[in-house]
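The values are calculated or read from the model by the stated rules, or taken from the named source; none is laboratory data. Note that the structure is predicted; figures quoted are calculated from it, not measured. Neighbour counts run over all protein chains shown; Cβ positions are idealised from the backbone, glycine included. Side chains are part of the model used for accessible areas, which takes the heavy atoms of the whole protein and leaves out ligands, DNA and RNA. Shrake-Rupley method; radii C 1.70, N 1.55, O 1.52, S 1.80 Å.
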Amino acid sequence: MGDVADKIAYFQAITGVEDADLCTEILAAHGWDLELAISVFTSQNDHSAPDNPAFEPPTTSNLTPPVETTGLIAGGNGGASAATGPPGIAWKIITLPFSIISGGLGLISGAVGLGVWAAGGVLSYSMRMIGLNSGRNGESSSALVSVSAATAEAMSFVDDFDRDFGSIRPHFTAEGFMDALQRSRHEFKLLFVYLHSPEHPDTPIFCERTLCNEALVAFINENFVAWGGSIRASEGFKMSNSLKASKFPFCAVVMAATNQRIALLQQVEGPKSPEELLTALQRVLEESAPVLVSARLEAEERRNNIRLREEQDAAYRAALEADQARERQRIEEQERQEREAAEAERKRKEEEEARERAAREAAEREAALAKSREEKLQSLGPEPEKGPDVTQVLVRFPTGERKERRFQCSTTIQSLYDYVDSLGCLEVEKYSLVSNFPRTVYGSEKLSLSLKDTGLHPQASLFVELNS
């Protein structure tokens with residue numbers, strides 16, 4: 001309720017006071033505190049209720065939302081008095097969209113367009129919201145006490161009615177009027193209202209013979225939500241003011257209307273027979289059937305739309321999650337492939353470096369061997385000519401190849417090894433020179449001996465034996 005106009009409209013809807021200037025004066029007197037003004041106003045009107053209101057016409061419309069009337073059954077003769085407009089106009093009015101004033105004081109403001117059945121529920125919700133807020137100085141708001149009292153009064157009425165007239169009766173809901181109106185809206189039914197005047201002389205007979213008639217009870221319980229209240233109680237008295245009840249027993253059929261008002265579809269005043277009341281209820285139910293069916297279909301369509309949206313949202317979320325899962329899998333697969341590619345590249349580089357290193361080392365070894373062979377060849381000196389001090393040496397290799405050279409008889413066995421190494425015919429470094437007949441291995445212990453000392457002079461035939 002952010003502005004003055006909203007507060008005035010809400011005060012009118014709750015209290016039923018239609019004079020905007022009077023509402024403005026009341027709100028201004030309470031510092032524009034909407035909750036406090038409603039609480040004080042309703043409390044004062046509760047205390048001003050007469051001891052026997054059945055016989056005193058009420059003078060103040062002081063609680064419930066204003067009532068719009070349609071065709072009525074009024075007075076004791078059961079005659080029908082026509083309304084100011086055509087009988088069908090009310091149905092056109094109540095099917096129009098209307099603005100809902102939210103009841104959260106200081107929390108929610110503005111108007112939202114909804115359907116025909118939302119008016120009663122929002123008003124009930126608004127009253128609850130007022131009751132849930134704390135009053136000043138930490139005390140509970142009087143609106144909460146009012147709502148609780150309405151429920152207690154309804155329960156007390158049901159208990160008293162059962163005690164006085166038995167349990168064969170309409171199923172009066174044990175809750176406040178606005179909650180009953182909201183229940184009827186949710187169940188797509190009309191609200192049957194009975195205002196009970198305990199001191200009225202016609203009340204006992206009406207309750208025993210009409211209201212507790214089995215056929216009438218079955219019809220009401222099947223087609224209506226029923227609410228009853230004693231006019232000696234607070235809410236019953238206020239409802240008698242709002243419905244302008246002038247004669248008792250009093251029954252009415254109402255439903256939520258536009259601008260947070262209540263549409264009075266039918267009222268029955270004075271004693272009636274079960275047949276008369278049943279006929280009136282059947283007629284109003286027949287006339288309101290298109291509206292009820294339309295409201296039910298609209299609600300079902302809304303539920304279907306909501307369910308469809310929820311299913312679409314669920315399908316969208318599932319598809320989104322599936323897309324996200326596929327995207328995660330794609331990213332993980334891409335990262336795996338990148339890791340594998342990086343690992344393969346690393347291995348390739350390592351292998352390439354290993355090959356290059358092996359080739360370099362092989363080349364270095366080959367160069368070292370070539371140098372060593374060259375040095376060993378140089379250390380042998382020139383081959384001597386034949387002579388008495390010259391030894392002819394024949395060397396056979398494992399491949400069958402033969403090499404022959406002359407050496408001075410004083411040349412050591414090491415020089416023979418150097419000669420074999422300088423030829424480059426062997427791929428191994430470890431081998432031994434061996435002679436046959438007798439077999440003699442010229443190993444490391446004989447490297448320093450001369451050819452003559454080892455008996456290889458004047459000529460020798462040796463073969464290369466590879467060491468394992």
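For Asp313, Asp6, the ranking by accessible surface with the largest value first comes to Asp313, Asp6, using a 1.4 Å probe. Its alpha carbons give segment 370-422 an Rg and a Dmax of 11.3, 33 Å. Annotation for Asn223 and Leu426: the two label points, set 7 Å from Cα along the Cα-Cβ direction, are 12.6 nm apart.
3J(HN,Hα) couplings calculated from phi for segment 386-394 with the Karplus curve 6.51 cos²θ - 1.76 cosθ + 1.60 (θ = phi - 60°) are, in sequence order, 4, x, x, 9, 10, 10, 8, 10, 10 Hz; Gly and Pro show x. The alpha-carbon of Lys446 sits under 17 angstrom from the alpha-carbons of these lysines, leaving out residues fewer than 8 places away in its chain: Lys430.
Sorting Lys349, Lys376 on solvent-accessible area from highest to lowest, probe radius 1.4 Å, gives Lys349, Lys376. Averaged over its residues, segment 390-466 has an accessible area of 54 Å² per residue, based on protein heavy atoms and a 1.4 Å probe.
Remark on Phe172: its backbone amide H falls under 5 Å from none of the residues 5 or more positions apart or on other chains, H modelled at 1.01 Å from N.
A simple rule links phi to the HN-Hα coupling: the Karplus curve 6.51 cos²θ - 1.76 cosθ + 1.60 with θ = phi - 60°, which for segment 408-423 gives 5, 5, 8, 5, 7, 4, 4, 5, 5, 4, 4, 5, 4, 5, 5, 6 Hz, with x for Gly and Pro. Counted residue by residue at 0.36 nm each, then reduced by the alpha carbon distance between them, the extension gain from Arg296 to Arg365 reaches 14.8 nm. Taking each residue as 0.36 nm, the span from Ala319 to Ile168 lengthens on full extension beyond its C-alpha to C-alpha distance by 48.6 nm.
Heavy-atom accessible surface of Glu18, to the nearest 10 Å², is about 120 Å², with a 1.4 Å probe and all protein chains retained. Under the simplified labelling scheme, the Thr440-Gln378 pair shows an inter-label distance of 3.2 nm, with each label point 7 Å from Cα along Cα→Cβ.
Quick one: ranking Arg439, Arg209, Arg348 by accessible area, 1.4 Å probe, largest first, what do you get? Before the final figure, lay out the partial values.
Details: Arg439 135, Arg209 160, Arg348 105 Å².
Ranked list, largest accessible area first: Arg209, Arg439, Arg348.
With a simple spin-label model that places each label point 7 Å from the Cα along the Cα-to-Cβ direction, the separation between Asp3 and Glu338 comes to 5.8 nm. Sort segment 390-466 into rounded, prolate or oblate with this rule: let a ≥ b ≥ c be the square roots of the eigenvalues of the Cα gyration tensor; rounded if a/c is under 1.5, and if a/c is not under 1.5, prolate when a/b is larger than b/c, oblate otherwise. The shape class here is rounded.
For segment 149-310, what is the accessible area per residue in Å², given a 1.4 Å probe and the full set of protein chains?
Working: 6650 Å² over 162 residues.
Accessible area per residue: 41 Å².
Applied to segment 25-37, the Karplus parametrisation 6.51 cos²θ - 1.76 cosθ + 1.60 on θ = phi - 60° returns per-residue 3J(HN,Hα) values of 5, 5, 5, 5, 5, 9, x, 6, 7, 4, 5, 5, 5 Hz, with x for Gly and Pro. On a 31 Å Cα-Cα criterion, which of the cross-link pairs Lys347/Lys376; Lys7/Lys272; Lys349/Lys376; Lys189/Lys244 come out too long? Over 31 Å apart, Cα to Cα: Lys347/Lys376; Lys7/Lys272; Lys349/Lys376. Ranked from largest, the principal axis spans of the Cα set of segment 287-431 equal 154, 25, 16 Å.
Of Val428, Leu451, Thr412, which is farthest on the positive side of the dipole of segment 390-466, counting Cα position, with +1 on Lys and Arg Cβ, -1 on Asp and Glu Cβ, and the Cα centre as origin? Of the candidates, Leu451 comes out farthest on the positive side.
For Phe248, the amide hydrogen comes within under 5 Å of the amide hydrogens of Gly270, counting only partners 5 or more places away or on other chains and with H modelled in the peptide plane.
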